[in-house]
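Bear in mind these aren't lab numbers, they're just calculated from the coordinates by the rules spelled out. Computed from a predicted model, the values in this text were never measured in an experiment. Counting neighbours? That spans all protein chains shown, and the Cβs are built from the backbone with ideal geometry, glycine included.
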Amino acid sequence: MSKRKLSRQQRWRIEKVQAERAERATRHDVQEEVLLAAGDYGAEQPGRVMAHFGRTLDVRSDVDGESVRCHLRANLEGLVTGDRVVWRGRTDAEGHIVEGVVVARGERESVLERPDARHQLKPVAANIDQILIVFAVEPEPHANLIDRYLVAAEATGIAPVLVLNKVDLLPDDGGELKTLLQRYAALGYPVVTTSTSCEDGLATLLARLAGRTSVFVGQSGVGKSSLIDRLLPDEELRIGALSKDSRKGTHTTTTARLYRLPAAEGAELIDSPGIREFGLGHLDEQQVTEGFVEFRPYIGQCRFRDCRHRLEPGCALLAAVEREEIHPERFASYRRILDSLEVR
Ligand SMILES: Nc1nc2c(ncn2[C@@H]2O[C@H](COP(=O)(O)OP(=O)(O)OP(=O)(O)O)[C@@H](O)[C@H]2O)c(=O)[nH]1
Ligand SMILES: [Mg+2]
Ligand SMILES: [Zn+2]
């Protein structure tokens with residue numbers, strides 16, 4: 001009996017030792033794997049995505065403000081400019097961070113999305129307070145382009161601002177565009193007129209940018225990158241803002257990039273590639289209707305609950321157009337957008 005007991009105790013001891021050994025071994029394996037995966041990467045630290053280049057990103061450290069080229073953990077997809085991230089840096093012999101790896105994405109306060117060629121919504125930039133819709137005297141904006149941008153902006157819930165650039169090319173009387181701009185100002189939209197050759201406009205723009213993260217959107221060639229180039233004092237900061245495409249002789253921007261503007265306190269501005277056509281196929285009819293801010297008081301006031309505001313009797317929107325409380329061109333624009341949704 002005692003013999004058996006002893007052996008049982010022994011067995012128990014042996015098992016215990018083996019179990020401890022096994023546990024130590026797996027723990028060691030895990031540690032080793034972590035060390036291997038991390039290489040000589042340092043501690044986790046917070047940062048912000050400054051630009052996105054497919055497989056790699058530029059991340060600015062929140063700690064020292066330096067930008068580092070980073071690659072991504074395999075499971076991290078869909079990061080965009082403006083995203084807050086957690087990353088780790090790898091240092092060289094002198095202790096300089098030479099590259100990094102992004103290990104996690106932070107919560108997004110807001111995200112600007114844009115439909116791609118296949119009408120699929122794709123995020124363009126994150127954590128934005130303000131969308132600056134840039135248009136210009138040249139290329140001349142087609143009739144309802146601004147309305148499309150405004151509807152898209154209203155749907156994101158991020159405040160839009162209209163920026164008319166190249167006012168140096170305006171006729172002396174201001175022309176039709178000035179009149180158009182006044183119409184939007186009357187709707188309550190902040191409006192800024194700029195030219196890369198006019199300090200006044202640039203100062204007004206800077207004042208609007210202070211203390212916020214803004215994104216420039218608009219057609220190609222309206223001068224988004226040129227404006228950023230003028231707002232950045234430092235040659236070094238301007239990298240990429242106006243890198244010339246030598247084949248086409250243009251400055252076409254290909255990736256969204258975040259700039260900090262030292263000329264205004266806390267101003268961050270994201271440049272984004274121009275787009276030929278701003279599709280609204282991702283929105284439904286109600287979102288488009290609500291995207292016209294001056295329609296809002298009349299929504300739900302029509303005689304028929306399912307009123308589509310075409311020819312229906314008792315339509316509150318049509319009546320408001322009749323009374324000139326809604327501008328007929330804005331209403332026509334609204335109709336055009338709805339028709340374009342139906343084509344798809
Ligand atoms: N006359 C005039 N020309 C301007 C002004 N701002 C920009 N330009 C010119 O407009 C052209 C296009 O400017 P960009 O800054 O590349 O335009 P962008 O909006 O960044 O274009 P994408 O990157 O393709 O979206 C350039 O030839 C600029 O020199 C301006 O205020 N006045
Ligand atoms: Mg550009
Ligand atoms: Zn109606």
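Count of lysine pairs in the range 111-276 with Cα atoms under 18 Å apart, counting only pairs 8 or more residues apart in sequence or on different chains?
Close lysine pairs found across the range 111-276: 4.
Where in the range 287-342 are there trypsin sites (Lys or Arg not before Pro) that are in a DSSP coil and have at most 16 other Cβ atoms within 10 angstrom of their Cβ?
303, 305, 308, 310, 323
Order the peptides 220-226, 85-91 from the highest to the lowest mean number of other Cβ atoms within 10 Å of their residues.
220-226, 85-91
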